[in-house]
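Below you'll find the structure, written out as structure tokens, and then a few comments.
The values are calculated or read from the model by the stated rules, or taken from the named source; none is laboratory data. On a predicted model such as this, the values are computed, not experimentally measured, just so you know. Every residue, glycine as well, gets a Cβ built from its backbone with ideal geometry; the counts of neighbours run over all protein chains shown.
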Amino acid sequence: MARLSTHHKAVFRILDVMDGPHEGRILKLRLQGGEAPTIAELKGARMKAASPDGTTECELRIVGFALFGGRPSDERLARTGRIDVNVEAVDGAADQVTARWELVGPI
């Protein structure tokens, strides 16, 4: 039987976007809806980013986690709903992604 958590979709609001130190981008996220995924589910996950008006979308892949607030954990994500991730573009232009966009997935 498949785990229930593999069938959920979390909706995150992007709070801030920064260029990564080596490549990619760093997104500060806050969980807006759905169940908090585990760190293992997020690592390498593909996510869909959509602009606030819904006219622009792109697909991103989470390649790692920023350690600004300490090491990420399942407990911290479930408790605070916040996480900082390193992403790279899969489809579309990741440089368009800004604060207030939504990130949905894993897809």
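Tell me which residues, restricted to segment 57-98, are of a type in the set (Val, Ile, Thr) and either without any contact (Cβ under 8 Å) to a residue 40 or more places away in the chain or part of a strand (DSSP E or B) (or both).
Matches in segment 57-98: Ile62, Val63, Thr80, Ile83, Val85, Val87, Val90.
Need the failing condition index for Glu35 against (1) among the acidic types (Asp, Glu); (2) more than 15 Å from Leu103 (Cα to Cα); (3) touching a residue at least 12 places away in the same chain (Cβ under 8 Å), just the number.
(2)
State which residue is modelled with the highest pLDDT when the search covers only segment 1-22 and only residues that are under 17 Å from Phe68 (Cα atoms) and more than 13 Å from the chain's Cα centre (by Cα). Even if it seems obvious, please write down each step before you answer.
Keep residues of segment 1-22 that are under 17 Å from Phe68 (Cα atoms), which gives 14-22.
Filter again for more than 13 Å from the chain's Cα centre (by Cα), leaving 18-22.
Working: Met18: 93, Asp19: 89, Gly20: 82, Pro21: 79, His22: 78.
Top of the filtered list is Met18.
Is it the case that Lys48 is under 15 Å from Gly105 (Cα atoms), touching a Cys at 6+ places or on another chain (Cβ under 9 Å) and of a type in the set (Lys, Arg)?
Numbers: under 15 Å from Gly105 (Cα atoms): yes; touching a Cys at 6+ places or on another chain (Cβ under 9 Å): yes; of a type in the set (Lys, Arg): yes.
Yes, satisfied.
Which residues, counting only those in segment 39-56, are surrounded by fewer than 15 Cβ atoms within 10 Å (Cβ to Cβ), outside any helix (DSSP H, G or I) and more than 11 Å from the chain's Cα centre (by Cα)?
Pro52, Asp53, Gly54, Thr55, Thr56 - these are the residues of segment 39-56 that are surrounded by fewer than 15 Cβ atoms within 10 Å (Cβ to Cβ), outside any helix (DSSP H, G or I) and more than 11 Å from the chain's Cα centre (by Cα).
Which of the residues belonging to segment 17-38 are part of a strand (DSSP E or B) and either under 12 Å from Glu88 (Cα atoms) or out of contact with any Ser or Thr (no Cβ under 7 Å at 6 or more places or on another chain) (or both)?
Restricting attention to segment 17-38, the residues satisfying the condition of being part of a strand (DSSP E or B) are 17-19, 25-33.
Hits for segment 17-38 are Met18, Asp19, Arg25, Ile26, Leu27, Lys28, Leu29, Arg30, Leu31, Gln32, Gly33.
Every residue in segment 62-95 that is surrounded by 14 or more Cβ atoms within 10 Å (Cβ to Cβ), closer than 16 Å to Arg13 by Cα and not β-branched (Val, Ile, Thr), please.
Across segment 62-95, the qualifying residues are Leu77, Gly81, Arg82, Asp84, Asn86, Ala94.
Suppose the filter is touching a Cys at 6+ places or on another chain (Cβ under 9 Å) and among the polar types (S, T, N, Q); does Gln96 pass it?
Values: touching a Cys at 6+ places or on another chain (Cβ under 9 Å): yes; among the polar types (S, T, N, Q): yes.
Yes: the conditions hold for Gln96.
With respect to the numbered conditions (1) aliphatic (A, V, I, L, M); (2) closer than 18 Å to Val11 by Cβ; (3) under 12 Å from the mean Cα position of the chain (by Cα), which one is the sole condition not fulfilled by Ile26?
Condition (2) is where Ile26 drops out.
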